Structure formats: structure tokens, C-alpha cells
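Worksheet: one structure, shown below.
The values are calculated or read from the model by the stated rules, or taken from the named source; none is laboratory data. Worth saying up front: this structure is predicted, and the values here are computed from it rather than measured. When we count neighbours, we look across all protein chains shown, and the Cβ atoms used for this are built from the backbone with ideal geometry, even at glycine. Side chains are part of the model used for accessible areas, which takes the heavy atoms of the whole protein and leaves out ligands, DNA and RNA. Shrake-Rupley method; radii C 1.70, N 1.55, O 1.52, S 1.80 Å.
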Number of protein chains: 2
Amino acid sequence: MMGAMEEARIEAAPTAGPYHPRRRSRTPSADVERELVAAAEAVLVRDGPGALTVRAVAAEAGIALQGVYSRLGGKDGLVDALLLVGFGRLTATLEAAQGPDSLGRLRDCGRRYREFSLANPHFYAIMFEDAIPREREEAHPGEVTEQAAAAFTALVRVVEFAAASGAISAPEPTEVAQQLWNTVHGAVALELKGLILTPDPAATYTASLETLIRGLATA
Amino acid sequence: MMGAMEEARIEAAPTAGPYHPRRRSRTPSADVERELVAAAEAVLVRDGPGALTVRAVAAEAGIALQGVYSRLGGKDGLVDALLLVGFGRLTATLEAAQGPDSLGRLRDCGRRYREFSLANPHFYAIMFEDAIPREREEAHPGEVTEQAAAAFTALVRVVEFAAASGAISAPEPTEVAQQLWNTVHGAVALELKGLILTPDPAATYTASLETLIRGLATA
DNA sequence: TTGACTGTAGAACGTTGTTCCATAATTATA
DNA sequence: TATAATTATGGAACAACGTTCTACAGTCAA
């Protein structure tokens, strides 16, 4: 499967010594973690969550297996690093939402949420569906939780903006943002599992969002 | 871990023969599949998806490991059997929805959906979150898909009833039922993952449903 | 009763996450 | 720069997992 690639890292074979005749190259210490996470992302995107094994990632990075444990604390740490990347990108995607008016921006935010999930289905799966079961029962590190909360905050901002303009009623923006999250997450989660039983998932998604906006409209 | 239980199935040791002196009891053929699925449910409910191993289920049932393969086609078949049970129960739960009027029945249906997911979190996880990764890439058998569709049909019926009474507008009940599913699934999926960031998840759930109903109200 | 079927126990295989080790290359210190 | 402390490497090894294969023996049907 990986064939002759690893031979490139053998720099020389100075003597035909008995035990360890060949010199080994070594990844600079400062690069190990970054390269492992980059390799993990490549494996995840290319082959999906099921193919993300510690050995596959180490081979993809050209780094010793042990590096995953000494630098990232094992597979769970590797996945946590990917979660941080994923939630960071989702946050950036949602924060970039814009539109001609406050409702247009809310609609764009919803559209971006779906596009992110469809463009990054494997990322979305590990972020929201535990597509890679955790080996140990420990909770995610605080950074991951905080980045996930940052994505939610982007929704709160959009809701606040729409409420300030009077387009919707949101006395408690967090409550309404949660309703928005429920709707968009439910829609994309079901779509990723093939459980949108209507002919046009995109149209149904838009309709769901419009129903929400109508339900939130000022009386 | 299972200690002395399996000794109970050794009925006698008639002779001190050299190789296989002990007589073995045998599960009646007609019972093997049913008992395996029952044991799998017990393990799933008690210990969660991560503990549902073929060996654990066979031990729980007191049935030889091989039975899972000869009767159910392996772990995936075992999980499919559980999915069938789970979707069947969800369908029954939703079909039992009732209320003083058509909107009351819709509200009860939404309430029942959440209660089912919170009362059966491990079932919900394998039904909607692939909490047990499939070993082979094959699709679920038709029965599973049909039973999942039956659960959705229960939602369609409730929507049709509400539309017929004029409480909501649903020219295409399937479209509206899908919007309802998006909302309730999104809410419970996020709640099961601890991602309801409002103080009172139950209240936010109800509010989400009310916003949906308001958005679907007849103009 | 007899033969076909099939559950049982056990071993075994490959893959997985994980740990440990001696070795050697890099990095930091004096 | 010389020396010491770090740390990446490669390999073996472990337990747990899904899966397959086997001889054996209990059950079921002709």
C-alpha cells in the first residue's frame, strides 16, 4: 500500500554492519504535531472517519507511530485537534455571512451552514455525530468546547442583528439562536444520512428556514 | 467478568475422557436469533454502543459466538436487527400521539419524539448517529429503511390532520412533515450531545416547536 | 431410527489502539 | 564548540476487536 515511499528517508547505508547499519532521518520536533494533524485531515477528507487509524495517519505523515502518543496523547488527542480545526472553520464560515439586510444575512448564514456540512461531510460527522468513537471516556478539552461555542455565538450575533432591525422578535437572542441551530443542524444531519424524504433537499432546507423566520416574525 | 455463569450449562461429566468429556447444552435453533437480539438490546441499553461487541452479546445470551454469524450475518446484522426494533418503537410512539385538537396532537407528537430520544439515548444514537460504525459498506436491509419511513409517515399523518383542520397550512404534507422532523431531530440530537446552550432544554424544545407551528399557521 | 442440520467450544487470523524498548538524531545547555 | 538532555525512530509486543474455520455433538426432520 505504501510501497517504496519510506525508502526515501533512508539517507545512506555506509557499512553493511550487523545490526543497525542504516542512518535514519528525523522529523524536526517542532513540526511533528502540525504535520500529524495535517495528515489526519488528509486521511479524514480522502478516506472518511473509518479510515482514520493511528497507523494510517502516521504513515501519511511519514512520522513514527509513537509520535501520535508522545505529541497528541493518542487517537483521541488527534481527533480533538481535528475538531478544533473543524469548529474553527465552521465559525469562520458563519461569521462571514452577509446580505442586503438583516434577514438576508440570516438567510445567508443558514445557507452557509448547509454548504459547510455538504462540502465537509466527514468533518461534520466527527463534529456532530461522534463518527469516530472515543477510546477513553474523557471529555473534550476546553479548547474544543470553546470553539464550538464560538460557532454558536456567530448564530447569536446574526439573530441579534435581525432582532435589532425589527425583522424578528428575539427578546432572548440565545433562545432564538438555539432554535435556529436546531433547525439547520436537524436538516443537514438528516440530509447527510439520506433521510430527507422530499424530492428536493435544497428546497426543503430553504423552506424550513423560511418557516422559522415566519414563526419568529414580529407580531 | 462472567465468572461462573457458563458452568451452569455444563450438564454432566459422565466420563473423564481424554478430550471432550463434558456434555454441552444447546440453545434450540428457533430461539437463537431472538435471544441474541434480546441480549444485544440488554447490552446496548445497559452499557452503551461502545460495549456492544459480538463477544459481549454472545456471552449475555449464553450462546456461542458463531451464532451471531450463522443467524444474523455478523455484527452488522445484529445492529440492523436492533435498528428494526428501534424504528418500530419510535413509530409506535409517534402513532400513539393524541390531543384535544389537531394542534394538540401535533404538540403531543413532538413531545413524544423528545421523550423517546431521552428515554432511549443509545437506541437513538445507533438509529440516527451511526454510533456503531458498520463493518462492511453495505446498505441497511430494506426492512430497516421501511421501518424508518414508517416513523416518518407517522409525522406526515399528524401534519395532514392539522392541515385538514385548518390549523396550519400544508399544501404538501410531506414537505411540512420533513420540516417538523428537521426541527425535532435537530433539537434532540443537539441535546443528546450536550449542545443545547440555553438554560432549560425542555423549554427551548417547546419554543422551537411553537415557532414552527406559528411559521406554518394559515395566513 | 437415521441422516441432515446446526449449535458449541476452541483456535486462529488480521486490524486496531496502546505501550515499551534500544537506538540514534536533534536540540539545548555549559 | 563540546557535552548533555530531549526526543524521533523502528520494532516488537499486548489486549480487544470482527471474523473464519474446525471437530464435535446435540437437535430436528424424513
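Here are the numbers for this structure:
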| item | result |
| --- | --- |
| Matching option when the condition is assigned by TED's automatic domain parsing to the domain that holds B:Glu129 and in contact with a Lys or Arg (Cβ under 8 Å, 6 or more places away or on another chain), among B:Arg214, B:Arg157 | B:Arg214 |
| Criterion: in the same structural domain as B:Gly99 (by TED's automatic domain parsing), under 30 Å from B:Thr53 (Cα atoms) and of a type in the set (Val, Ile, Thr) - qualifying residue of B:Thr145, B:Thr198 | B:Thr145 |
| Residues (more than 23 Å from the chain's Cα centre (by Cα) and open to solvent by less than 40 Å² (accessible area, probe 1.4 Å)) located in the stretch B:176-217 | B:Val176, B:Thr198, B:Thr204, B:Ala207, B:Ser208, B:Thr211, B:Leu212, B:Ile213, B:Gly215, B:Leu216 |
| Residue match in the stretch B:170-177 (condition: within 7 Å of chain A (Cβ to nearest Cβ) and more than 30 Å from A:Ala150 (Cβ to Cβ)) | yes |
| Complete set of residues in the stretch B:136-148 that are closer than 18 Å to B:Ala81 by Cβ and free of Cβ contacts under 8 Å to residues at least 12 places away in the same chain | B:Ala139, B:Gly142, B:Thr145, B:Glu146 |
| Every residue from the stretch B:109-130 that is more than 14 Å from chain A (Cβ to nearest Cβ) and either surrounded by fewer than 17 Cβ atoms within 10 Å (Cβ to Cβ) or part of a helix (DSSP H, G or I) (or both) | B:Cys109, B:Arg111, B:Arg112, B:Glu115, B:Phe116, B:Leu118, B:Ala119, B:Phe123 |
| When residues of the stretch B:60-76 are limited to those that are crowded, with 18+ Cβ neighbours inside 10 Å and either among the small types (Gly, Ala, Ser) or within 22 Å of B:Ser25 (Cβ to Cβ) (or both), the one farthest from DNA strand C (Cβ to nearest atom) | B:Glu60 |
| Filter result (within 16 Å of DNA strand D (Cβ to nearest atom), part of a helix (DSSP H, G or I) and small (Gly, Ala, Ser)) within the stretch A:46-104 | A:Gly50, A:Ala51, A:Ala56, A:Ala58, A:Ala59, A:Ala61, A:Gly67, A:Ser70, A:Gly77, A:Ala81 |
| Only listed residue being within 13 Å of DNA strand C (Cβ to nearest atom), more than 14 Å from chain B (Cβ to nearest Cβ) and touching a residue at least 40 places away in the same chain (Cβ under 8 Å), chosen from A:Ala40, A:Ala97 | A:Ala40 |
| So A:Gln147, is it away from DNA strand C (no atom under 16 Å from the Cβ), among the polar types (S, T, N, Q) and not in a helix (DSSP H, G or I) | no |
| Hey, A:Arg26 surrounded by fewer than 16 Cβ atoms within 10 Å (Cβ to Cβ), of a type outside the set (A, V, I, L, M, F, W, C) and at pLDDT 95 or above or not | no |
| Total residues in the stretch B:94-108, condition touching a Leu at 6+ places or on another chain (Cβ under 8 Å) and surrounded by fewer than 21 Cβ atoms within 10 Å (Cβ to Cβ) | 2 |
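Rundown of residues vs (1) within 11 Å of chain A (Cβ to nearest Cβ); (2) outside any loop (DSSP other than H, G, I, E, B); (3) of a type outside the set (Gly, Ala, Ser), yes/no style:
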site	(1), (2), (3)
B:Ile132	yes, no, yes
B:Glu135	yes, no, yes
B:Ala162	no, yes, no
B:Thr198	yes, no, yes
B:Thr206	yes, yes, yes
